[in-house]
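Remarks on the structure that follows.
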Amino acid sequence: MSLNPPTEHQLLVFWVGLLVILVAARLLGAVMQRIGQPAVIGELAAGLILGPSVLGKLAPDITDWLFPADDVQTGMLFTVGWLGVLFLLVSTGFETDLGLIGRLGRAAVIVSAGSLLVPAIAGFAVGWFLPMAFVGSDTERYIFALFVAAALSISSLPVIAKILGEMGLMRRNFGQLTLAAGMANDVIGWVALGLIAGLAQAGGLKLDKLAFTVVGLIVFFVVAFTVGQRVVDTALKRVRANGGDQLSGMTVVLVTTLSFGVVTQWLHVEAVLGAFIAGVILARSRFAEHELIRPLETMTAAVFAPIFFATAGLRVDLGLLADGETIMWALIVLAIASLSKFLGSILGAQLSFLPLREGAALGVGLNARGALEIVIATVGLSLGVLNDRSYTVIVLMAMATSMAAPPLLRRALSGWEGTPEERQRLDMEAQLASNIVVRGNRILIPTKGDVPSLLAAQVAGLTWPAETAVTLLTAGDASTVDVQAHRDVLFGRAVDHDIVDTPVADAVIAEAVLGYDAIVIGAPTGGETSEYVSEIMRRSPIPVVIVRGAASLNGRLPWAFARALVPVNGSKSAKPALELATQLSSHLGTQLLQLHVSPTPPTRMESLIGERGPDRARHRA
């Protein structure tokens, strides 16, 4: 095997080119953010400025030195860019809420269909009527029209993700719908690209290759969400059990991302789709937390994503638009691409009974093209289906729609905060994110099957959000534990029951490091706190909630909690107590009484004789 490393000169040119691209992309991105626009606009513009459109015209020698027509040079530079889009997509997948998309399932399917079919039909018509000056030599008109249809109909998931993330819209209903539709666009886009490229290469349809890709994708999705999920869970559980160091966690993230990317690339659907699914799988793991992917998000936002978006514009030559006919058709293509995608998305939203404002936001968000269109144009150019004119028109359309999406999206959403249900969900998510104890991920309840354990489960069920999963942990004999009784007071939550042979305190602490928000323990009524509860409180790395029943209950569970007394004094433990009571009140309507007791200031005489008055002052809220 012969491995030929780059020469010293090639490495020098690569490092200088990478430096120039990164600095330009970050500077222009910062300028855009300063004027209230997402950084992705500046990053895309950086590629246009450094490419043949601007720098290539003003200083062609510099452009030729920075970005020479050399396969090694081009390969190194674009590899960094593809790593950027890979990392961007795994971060996006991590933020994707499959539960929310599932609740919006009908709308996601219909919006995806509308946003694809309408622009595809319009794109095919445009491709059919474009002058022959735009068609590659020796290319069938219908193949050229199919390339144009694909380029006009597909949205760019990386660009959409970047825009939604920078504008803080990822958790909005339309944001999740846009991601779902964008994912569908990407899947169909890569399959369509393989199909059309096969037509162009062979002059006919290759059913065997199409079947391989489609069946392979179905198998990939099934395996990823079953076997893949279990493997990821096992790996992340081991990382947490060994102390949860960041390097090990990042290794799991990268190995998962690259493995999934390899599979989808092998299926001719590009690695970015595999990276997106990897992010979804990682986020679904009960042992994952946002800190797991934060270092990758930081590096992607600071380095890799700006380089990717900048390299997208390096091959665009606006000089090809010098003649009137090319400009006219470029504007026609841009107008039809934008209008058809917008109308198709609104049509899908209306058929799904979504608000008109939400449909408009979907139409604007899904109008962002970019990465996939540029790949389609590049493949079309390399196959001879497109020529330099049509390539530039398609890439310019992709970049123009990507640059126009953020300001138009901001205008479409101006003054609209969503439906009452969406606002309630967003408010709840914001509250849970700021909470210390009640956060909504997973809680741990040690249980012996006795009344205190059931009471702890009941309080947890009435306090934590409905989507919070619960693990019941029993040390030793589990014959007395009625799991169904616990499920009943936990109101249908997902409940796991783990049985271990180790001492209860050791078992609870070992389990607590595996990704829980809190431990909820039932303590015996009256008397001092038991020894194992005290040990758990002393050793626990996460918050511990002690639930102790009133002596008057005589071993029975309360049917409700009508009133709650919450002592508040500004201490570190007072906020979680108020947090628990507030959550209980929001679910049950429990009346809260906040009680603050402060010492009565001593009189001058008491100060002189060194005595203190009784602590009697009470402040109620």
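Side notes on the structure shown:
- Greater than 31 Å apart at Cα, pairs in 162/575; 57/341; 209/237; 162/341: 162/575; 57/341; 209/237
- The packing ranking of peptides 125-132, 588-595, 414-421, 113-120, highest mean first, is 113-120, 125-132, 588-595, 414-421, where packing means the average number of other beta carbon atoms within 10 angstrom of each residue.
- Packing-based ranking, highest mean first, of 445-453, 220-228 given that Cβ atoms within 10 Å are counted: 445-453, 220-228
- Inter-label distance for residue 234 and residue 430, nm, one decimal - labels placed 7 Å from Cα along Cα-to-Cβ: 4.3
- For residue 496, the residues whose amide H sits under 5 Å from its own are 470, 471, 472, ignoring neighbours fewer than 5 places away on the same chain, with H placed 1.01 Å from N.
- Degrees separating the helix 157-166 axis from the principal Cα axis of the chain, which is the longest one: 50
- Using θ = phi - 60° and Karplus 6.51 cos²θ - 1.76 cosθ + 1.60, couplings along the stretch 248-253 (whole Hz; Gly, Pro as x): 5, x, 5, 4, 4, 4
- Computed from Cα positions, the angle between helix 420-434 and the longest principal axis of the chain comes to roughly 70 degrees.
- Once the chain from residue 298 to residue 488 is taken as fully extended at 0.36 nm per residue, the excess over their C-alpha distance is 64.1 nm.
- Cα→Cβ-extended label distance, 7 Å offset, between residue 79 and residue 209, nm: 2.6
- Degrees between helix 141-153 axis and first principal axis of the chain (Cα, 0 to 90, nearest 10): 30
- 3J(HN,Hα) from dihedral phi, the stretch 10-21, Karplus parametrisation 6.51/-1.76/1.60, rounded to Hz, x for glycine, proline: 4, 5, 4, 4, 4, 5, 5, x, 4, 4, 4, 4
- In percent, rounded to a whole number, the relative contact order of the chain is 15, using alpha-carbon pairs under 8 Å and six or more apart.
- FRET efficiency, residue 479 to residue 248 (Cβ-Cβ, R0 41 Å, nearest 0.05): 0.60
- Residues residue 255 and residue 534, FRET efficiency given R0 of 35 Å [Cβ-Cβ distance, rounded to 0.05]: 0.30
- When only alpha carbons are used to place a centre, the stretch 337-402 and the stretch 455-521 end up 49 Å from one another.
- Whole-Å semi-axes of the chain's equivalent ellipsoid (Cα gyration tensor): 56, 26, 25
Quick note: the coordinates plus some simple rules give every number you see, no bench work behind them. For clarity, every value in this text was computed on a predicted model and none was experimentally measured. Here the Cβ is made from the backbone with ideal geometry for all residues, glycine too, and neighbour counts use every protein chain on show.
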